[in-house]
1. Quick check, is residue 186 under 18 Å from the mean Cα position of the chain (by Cα) and surrounded by fewer than 18 Cβ atoms within 10 Å (Cβ to Cβ)?
2. Could you go through the stretch 175-187 and let me know if any residue there is touching a helix residue (DSSP H, G or I) at 6+ places or on another chain (Cβ under 6 Å) and not assigned by TED's automatic domain parsing to the domain that holds residue 27.
3. Could you give every pair whose Cβ atoms fall below 7 Å, whose first residue belongs to the stretch 101-128 and is within 17 Å of residue 147 (Cα to Cα), and whose second residue is at pLDDT below 95 and not in a helix (DSSP H, G or I), counting only separations of at least 6 or pairs across chains?
4. Could you check the stretch 1-109 for strands (runs of 3 or more DSSP E) lying wholly inside it with 3 or more residues that are more than 18 Å from the chain's Cα centre (by Cα)?
5. Being closer than 25 Å to residue 187 by Cα, surrounded by fewer than 20 Cβ atoms within 10 Å (Cβ to Cβ) and without any contact (Cβ under 8 Å) to a residue 40 or more places away in the chain, is that true of even one residue in the stretch 52-73?
């Protein structure tokens with residue numbers, strides 16, 4: 001299947017380097033989340049992959065070829081970069097029919113993607129009457145029109161209601177399960193954690209991480225357990241004897257680092273230390289992402305690491 005390959009890609013605008021020798025690959029059969037603070041270079045990289053600009057140096061290819069060299073590109077690559085791309089005076093159906101005709105895509109695909117994106121009942125309405133969420137769905141329909149092997153989506157959940165967010169999550173998973181190459185840029189960490197298998201993270205135009213999601217989270221966020229007891233001295237002694245690192249919270253609870261809730265509960269039970277509260281802290285993508293990018297954001301407020 002087709003992959004996206006970026007090699008030593010650099011792009012300068014008026015002396016400012018938006019991308020700095022960027023190298024990564026996006027493989028088939030998984031959803032790759034494309035993350036980074038504002039100004040990190042994500043949109044620039046996606047535009048260069050899609051041939052919407054010329055790099056200062058380096059290459060960006062799809063299946064070994066640059067996008068401008070692809071014949072009938074909608075059959076190979078589907079993309080959503082801007083939900084406002086469709087002309088407001090056209091109906092959704094006419095917009096998709098024009099795209100289909102220009103790429104020799106069978107007209108029946110128009111009906112298929114309208115159904116798939118939930119727009120069939122409003123396909124005859126002019127795009128200017130659409131909400132942001134409906135425009136997002138139309139942009140996704142256009143990306144899927146050619147039944148492409150490669151799909152690139154920039155903030156696809158923007159403007160979607162809760163039902164729409166659940167729908168886009170399922171769609172992305174299905175595309176990956178079908179063996180397609182899926183690259184999704186997003187600022188929504190909880191959603192990215194729900195649909196992504198792999199992450200590519202940028203900061204100031206450079207590659208910060210290229211890693212499976214779970215490995216990234218576990219490498220950057222320390223698992224811990226919150227414990228509260230009526231016998232804090234006994235708990236402290238128990239933890240010290242077991243060589244477990246703990247800190248005291250303002251309310252008197254202990255946070256035990258690098259520990260599992262089952263193990264702490266068993267130790268306290270065996271030692272006869274009463275338990276008032278015992279809670280496992282599940283590491284999140286948001287925590288790991290903020291830990292990595294705290295120094296890379298163009299505009300940032302202080303982040304306190306847990």
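1. No; evaluated as a whole, the condition is false for this residue.
2. The answer is no; no qualifying residue exists.
3. Pairs found: 103/72; 104/72.
4. Fully inside the stretch 1-109 and qualifying: 4-13, 16-26, 57-62.
5. Yes, there is a match, as at least one residue in the stretch 52-73 is closer than 25 Å to residue 187 by Cα, surrounded by fewer than 20 Cβ atoms within 10 Å (Cβ to Cβ) and without any contact (Cβ under 8 Å) to a residue 40 or more places away in the chain.
One line per residue, one yes/no per condition, for (1) in the same structural domain as residue 159 (by TED's automatic domain parsing); (2) more than 24 Å from the chain's Cα centre (by Cα); (3) surrounded by fewer than 22 Cβ atoms within 10 Å (Cβ to Cβ):
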residue: 113; (1), (2), (3): yes, no, no
residue: 121; (1), (2), (3): yes, yes, yes
residue: 126; (1), (2), (3): yes, yes, yes
residue: 131; (1), (2), (3): yes, no, yes
residue: 138; (1), (2), (3): yes, no, no
residue: 141; (1), (2), (3): yes, no, no
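The values are calculated or read from the model by the stated rules, or taken from the named source; none is laboratory data. All of these numbers come straight from a predicted model, not from anything done at the bench. Neighbour counts run over all protein chains shown; Cβ positions are idealised from the backbone, glycine included.
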